[in-house]
Amino acid sequence: MKINYRNIGLFALMALLLAAVGVIQSWSVAFTILNLCLISSIMALGVNIQWGYGGLLNVGIMGFAALGGVAGVLVSMPPVANAWSAGGSNLLIALLLALATIILATYTYKKLRGNGGRTLAVLLIVVVGYFATRAFMDPAVNAIEAVDPSKTGYLGGLGLPILLSWVVGGVFAAGAAWVIGKIALGLRSDYLAIATLGISEIIIAVLKNEDWLTRGVKNVNGIPRPVPYEVDLQQSQFVLQLASDWNMSIVELSSTIVKLAYAGLFAVVLLIILWLSERALRSPWGRMMRAIRDNETAAEAMGKDVTRRHLQVFVLGSAVVGIAGAMLTTLDGQFTPASYQPLRFTFLIWVMVIVGGSGNNWGSVLGGFVIWFFWVQAEPLGLWVLDVITSGLGEDSPLRQHLIASAAHMRLMMMGLILLLVLRFTPKGLIPETRR
């Protein structure tokens, strides 16, 4: 196998940049960036599966990431006993009625095929089911949200290990993608992008407003960790001895150890998904997906079920994004629905895929590291550049103060600059797709 020294050099340069942050700023900051880079790379891999393999333009990435975050709450948080006793039974009845309505409406729609009264029958079932569901759900929701709303006001979760939520987050996102795909994958690429963006906004709006499920904008705090807490490490004799030997603050050392532990977990997940993605890309299925992406008409003429394959790749990519969303909630230790901003962060993930190299898994990983690193470091770098440029002005100069106060806006300028440079000098990305 031929060794590509250019690609190795790009990853080595990225490692040197992270090491420079550790030396110049602090290793705690460096590992914080590393963890977010790892999660971003997993999200970029999910988008690359959809766009790089199948040519599907999904702009609803944050909606699937939010579903992964919900999994972290529903799996790991302890159940709120008072909320369950206040309205849990009525809520379960409402959910069963909603499910029965969907099943009965679907059965009626198929059974009365060709019958003139089919639409009326389905409409009648949906209307009756809706009001029956709301008759049980509204009192249940009001009762649940009234249980100590400053601390709880929701049902809680199952109290299981947080690592299980990563798998559940992928399942949640895959299930939502299957439903969305059955409805929207017949649309043209630009209409599909609009539909997925709209559905993403709907998902996030529901999570913001359904307090009984996720506390809405009041957020869920204190999500359990899969790694030790800093306070516990600071009381460990081994860590105290290390801090003394290395002449480090015990606070900084404990924080660095926790972030390093997170990095180890995230790196394992990234490597597993990367290995599976590479196996899929090199398989006959991967060659078929690229053929469909390049020419749907020719692939369909060869007997390939294009819609079904698009659904497969849409579900797989969304599942990967859902896993990354659950990992992000685990890292933050809280679930904040308002932080999922579809346009802002979807743009970032797409830039990662484009800069890294669409259709190349290693390129998506590199793009995740490069873009998130400069997204985080743009403000301190911009502050340093503006400080140097305005060094000839007085400290009380209005122009100097305005420019330095605007350093945070350098992020968007830097993203645009990176994108322009890459598209100008390497139009297919830093690690282009390999044509086999």
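Before moving on, here are some points about what is shown:
- Test: residue in region 227-250 that is in contact (Cβ under 8 Å) with a residue 40 or more places away in the chain and either of a type outside the set (S, T, N, Q) or in a helix (DSSP H, G or I) (or both): no
- Residue check, residue 111 at pLDDT below 90 and under 29 Å from residue 77 (Cβ atoms): no
- Checked against (1) modelled with pLDDT under 90; (2) in a helix (DSSP H, G or I), residue 202 passes all but a single condition, namely (1).
- Among the candidates 338, 299, the residue that is farther than 30 Å from residue 72 by Cα and modelled with pLDDT under 90 is uniquely 299.
- Residue check, residue 158 surrounded by fewer than 19 Cβ atoms within 10 Å (Cβ to Cβ), among the aliphatic types (A, V, I, L, M) and over 30 Å from residue 51 (Cβ atoms): yes
- When residues of region 373-426 are limited to those that are among the polar types (S, T, N, Q) and assigned to a helix (DSSP H, G or I), the one surrounded by the fewest Cβ atoms within 10 Å (Cβ to Cβ): 401
- Residue ranges of helices (runs of 4 or more DSSP H) in region 268-343 with at least 3 members small (Gly, Ala, Ser) and touching a helix residue (DSSP H, G or I) at 6+ places or on another chain (Cβ under 8 Å): 306-332
- If you filter region 55-86 down to residues that are crowded, with 24+ Cβ neighbours inside 10 Å, of a type in the set (Gly, Ala, Ser) and in a helix (DSSP H, G or I), you find that the one that is farthest from the chain's Cα centre (by Cα) is 76.
- Hits in region 206-223 - residues which are on the phi < 0 side of the Ramachandran plot, within 19 Å of the chain's Cα centre (by Cα) and in contact (Cβ under 8 Å) with a residue 40 or more places away in the chain: 207, 208, 214, 217, 220, 221, 223
- Total residues in region 209-218, condition closer than 23 Å to residue 327 by Cβ and exposed (fewer than 15 other Cβ atoms within 10 Å of the Cβ): 1
- Residue 394 passes every criterion in (1) touching a Leu at 6+ places or on another chain (Cβ under 7 Å); (2) over 30 Å from residue 9 (Cα atoms) apart from (1).
- Taking residues in region 45-73 that are over 15 Å from residue 340 (Cβ atoms) and modelled with pLDDT of 95 or more, and partners anywhere that are among the charged types (D, E, K, R) and assigned to a helix (DSSP H, G or I), not one pair has Cβ atoms closer than 6 Å while being at least 6 places apart or on different chains.
The values are calculated or read from the model by the stated rules, or taken from the named source; none is laboratory data. Predicted model only: the values in this text are computed from it and were never measured. With ideal geometry, Cβ positions are generated from the backbone for all residues, glycine too; neighbour counts draw on all protein chains shown.
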